[in-house]
Amino acid sequence: MPLTPEPLQNNADRQSVERSIMKAGFERATETTAWRYRSELELGKDVYVREADRFPCQIKHYVVVAFDSADTLSEATGFEHEHGCL
């Protein structure tokens, strides 16, 4: 799901984008916590993750963002993955 132009704005600076994402409860992911997005990490994109326990399912939300050479937002996409239901 594209996250621009809402809730994130194209050409926003890196600090404001990171602040918005962290304020929404996301944490910066690593290859271990976001293994399915390893290729995005290898391309230099930033990946953020947040768990959403919606009983009876475990769901993780991911945000993948990319910045241009001027450190402004060029791409932002969100994904949701179900990690098992009772």
Q) Quick check: is even one residue across the stretch 61-68 without any contact (Cβ under 8 Å) to a residue 24 or more places away in the chain, in a loop (DSSP other than H, G, I, E, B) and either loosely packed, with under 10 Cβ neighbours inside 10 Å or not hydroxyl-bearing (Ser, Thr, Tyr) (or both)? A) yes
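Determine, yes or no, whether VAL49 is open to solvent by less than 70 Å² (accessible area, probe 1.4 Å), without any contact (Cβ under 8 Å) to a residue 24 or more places away in the chain and part of a strand (DSSP E or B).
yes
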Q) What number of residues within the stretch 23-44 are open to solvent by 100 Å² or more (accessible area, probe 1.4 Å) and in a helix (DSSP H, G or I)? A) 4
Q.
Out of everything in the stretch 1-10 that is surrounded by 11 or more Cβ atoms within 10 Å (Cβ to Cβ) and in contact (Cβ under 8 Å) with a residue 40 or more places away in the chain, what residue ends up being nearest to SER74 (Cα to Cα)?
A. ASN10
Q. Which one of these does SER16 not meet: (1) touching a residue at least 12 places away in the same chain (Cβ under 8 Å); (2) surrounded by 12 or more Cβ atoms within 10 Å (Cβ to Cβ); (3) not in a strand (DSSP E or B)?
A. (1)
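The values are calculated or read from the model by the stated rules, or taken from the named source; none is laboratory data. This one's a predicted model, so the numbers in the text were calculated from it and none came from an experiment. Neighbour counts run over all protein chains shown; Cβ positions are idealised from the backbone, glycine included. Please note that ligands, DNA and RNA were not included when accessible areas were found on the heavy atoms of the full protein model with its side chains. Shrake-Rupley method; radii C 1.70, N 1.55, O 1.52, S 1.80 Å.
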